[in-house]
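Below: the structure, in structure tokens.
The values are calculated or read from the model by the stated rules, or taken from the named source; none is laboratory data. Please read these numbers as outputs of a predicted model, since none were measured by experiment. Cβ placement follows ideal geometry from the backbone for every residue including glycine, while neighbour counts extend to all protein chains displayed.
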Amino acid sequence: MALAERRTQVVNLSESAEDRRIFPRIPVQAKMRVSHSRLGTLEGLSINVSDTGVYIRLSDLPRVPRGAHVGLQMLDSANPGIIFNTRVIHSSENGLGVAIVDYELEGMRYTLDELRRQWHVSKIDVASGKPNTSRTDEARR
């Protein structure tokens, strides 16, 4: 299901009228690396993750303008070589809230829907005991 379709199906996941987020945040503490032309490379910890974004705690962060594009690597993931292309939603001296635009792996660029498909295929393969022969794996050959 495409992201736009999923957004239209979500009516109101929030109990608070002030929180108008489409997707719920899940508390996840994991090592992150953020890259930006002005900031350089910084490492921090995720605080929460949603279906389309991440909040990363970073110490002594200079203000990053809303809409700026930053690269994000999830260092604790099974594949830390994936670089997520993100857009800054909000910034403070303590961290960044970013929306995930798409991702890159070994020079190839993929949509978030492709990532979701890969994850779903991997779950099925693990459950069935079959090796994963997904399109991303084929692109690496």
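Some observations on this one:
- Some residue of the stretch 36-51 being under 24 Å from ARG117 (Cβ atoms), modelled with pLDDT under 90 and surrounded by fewer than 11 Cβ atoms within 10 Å (Cβ to Cβ): no
Table: residues versus (1) among the small types (Gly, Ala, Ser); (2) modelled with pLDDT of 85 or more; (3) on the phi < 0 side of the Ramachandran plot.
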residue	(1), (2), (3)
ASN79	no, yes, yes
ILE82	no, yes, yes
VAL88	no, yes, yes
GLU106	no, yes, no
THR111	no, yes, yes
HIS120	no, no, yes
ASP125	no, no, yes
ASN132	no, no, yes
GLU138	no, no, yes
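Residue-wise test of (1) polar (S, T, N, Q); (2) touching a His at 6+ places or on another chain (Cβ under 6 Å); (3) closer than 21 Å to ARG25 by Cα; (4) part of a loop (DSSP other than H, G, I, E, B).
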{"residue": "ARG38", "(1), (2), (3), (4)": "no, no, no, yes"}
{"residue": "ILE47", "(1), (2), (3), (4)": "no, no, yes, no"}
{"residue": "VAL54", "(1), (2), (3), (4)": "no, no, yes, no"}
{"residue": "PRO65", "(1), (2), (3), (4)": "no, no, no, yes"}
{"residue": "GLN73", "(1), (2), (3), (4)": "yes, no, yes, no"}
{"residue": "GLY97", "(1), (2), (3), (4)": "no, yes, yes, no"}
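- Every test in (1) within 19 Å of ARG116 (Cα to Cα); (2) of a type in the set (D, E, K, R); (3) touching a residue at least 24 places away in the same chain (Cβ under 8 Å) is passed by GLU93 save one, and that test is (1).
- If you go through the stretch 52-87 and pick out every residue that is β-branched (Val, Ile, Thr) and buried (at least 19 other Cβ atoms within 10 Å of the Cβ), you end up with 5.
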